[in-house]
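Written below as C-alpha cells is the structure these notes are about.
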C-alpha cells in the first residue's frame with residue numbers, strides 16, 4: 001500500500017501518511033508493483049500515475065505519456081521497459097549519435113566525459129609512459145568497444161530516466177492544460193537526424209576545407225618561387241647572349 005501523494009509505503013492500518021501526513025485514500029492507496037514506470041518519490045512529489053484524471057496534483061508519467069514522448073517506436077520501447085530488456089543495439093553501434101538523435105544532450109555530455117576518462121585510465125595502466133604505437137591504438141580501440149558495450153546495457157534505463165524526468169517537469173507546469181501538456185510532451189520527445197548527421201559530416205567538411213586551404217597556400221608559394229627565380233635567370237642569361245653577339 002502506497003501514499004497517493006508522495007508514494008511512501010504504508011501499513012494497512014495507517015490512516016495518514018507517515019511521510020507527508022496526507023490522508024490515505026482507499027481508491028488510490030496501492031501502486032502496481034510490476035509496473036516499470038513506477039518510481040516512489042520523496043515528500044512533496046508523487047509516485048505512479050494510474051490515469052490522466054489526477055493531473056491537478058500528479059506529475060508521474062502514464063504509459064500514454066511515454067507513448068507520446070517516444071513517438072514512432074513507442075510500442076517497442078514500452079515493451080523493452082515492461083520486460084526490462086537491457087541490450088540496445090543503436091546505443092552500441094552509434095553511442096553518442098544515438099543520444100543526439102533522442103535529444104539526450106545532458107546525458108551525452110556525461111557520456112563523453114566518462115568515456116574519455118575511462119579510456120585514458122586504461123591507456124595509462126597499460127602504457128604508463130605514453131608514446132604513440134600500434135599497441136596503444138589497439139588498447140584504446142578495445143577499451144572503447146568494451147565501454148560501448150557496457151553503455152548499451154544501461155541505455156534503455158537511461159532513456160527511461162530521461163523520458164520520466166522530462167514528462168514530470170511538463171506535467172508539473174501544465175497539469176491544468178491537458179491538450180497543451182500532450183503537445184509539449186510530444187515535442188520534448190521528438191527525434192531528429194539533422195544534428196547527428198551534421199556532427200558526422202562536420203569532420204569531413206573540416207578536412208576538405210583544410211585540404212583546400214593548404215592546397216591554395218602551396219599553390220601561392222610555388223607561384224611566388226617561380227616569380228622570384230625568373231628575374232635572376234633572365235639577368236644571368238642576357239649578358240651571355242650579349243657577349244656572343246659582340
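Every number here is computed from the coordinates shown, using simple stated rules; none is lab data. Keep in mind it's a predicted model, so treat the numbers as computed, not measured. Virtual Cβ from ideal backbone geometry, glycine too; neighbours counted across all protein chains shown.
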*Separation of the residue 22 and residue 175 label points, Cα + 7 Å toward Cβ, nm*: 0.8 nm
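Of all the C-alpha pairs in the range 101-206, what % are more than 23 Å from each other? All intermediate terms of the calculation are to be shown ahead of the outcome.
Working: 2803 of 5565 pairs.
Beyond 23 Å sits 50 percent of the P(r) for the range 101-206.
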*What is the order of 69, 92, fewest Cβ neighbours within 10 Å to most?*
92, 69
*asked:* Test of understanding: extend the Cα→C-beta vector of residue 83 to 7 Å, then name every residue of the range 159-191 with backbone N under 20 Å from that spot.
replied: 159-161
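For residue 146 and residue 93 in one chain, what is 0.36 nm times their gap in residues minus the Cα-Cα distance, to one decimal in nm? Walk me through the intermediate numbers first.
Values: separation 53, 0.36 × 53 = 19.08 nm, distance 1.20 nm.
Contour length minus the Cα-Cα distance gives 17.9 nm.
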*Give me the distance between the Cα centres of the range 63-106 and the range 126-144, rounded to whole Å.*
33 Å
*Would you mind ranking 81, 89 by Cβ crowding within 10 Å, fewest neighbours first?*
89, 81
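Arranged by the count of other C-beta atoms within 10 angstrom, fewest first, what order do 179, 65 take?
In increasing order of surrounding Cβ atoms, one gets 179, 65.
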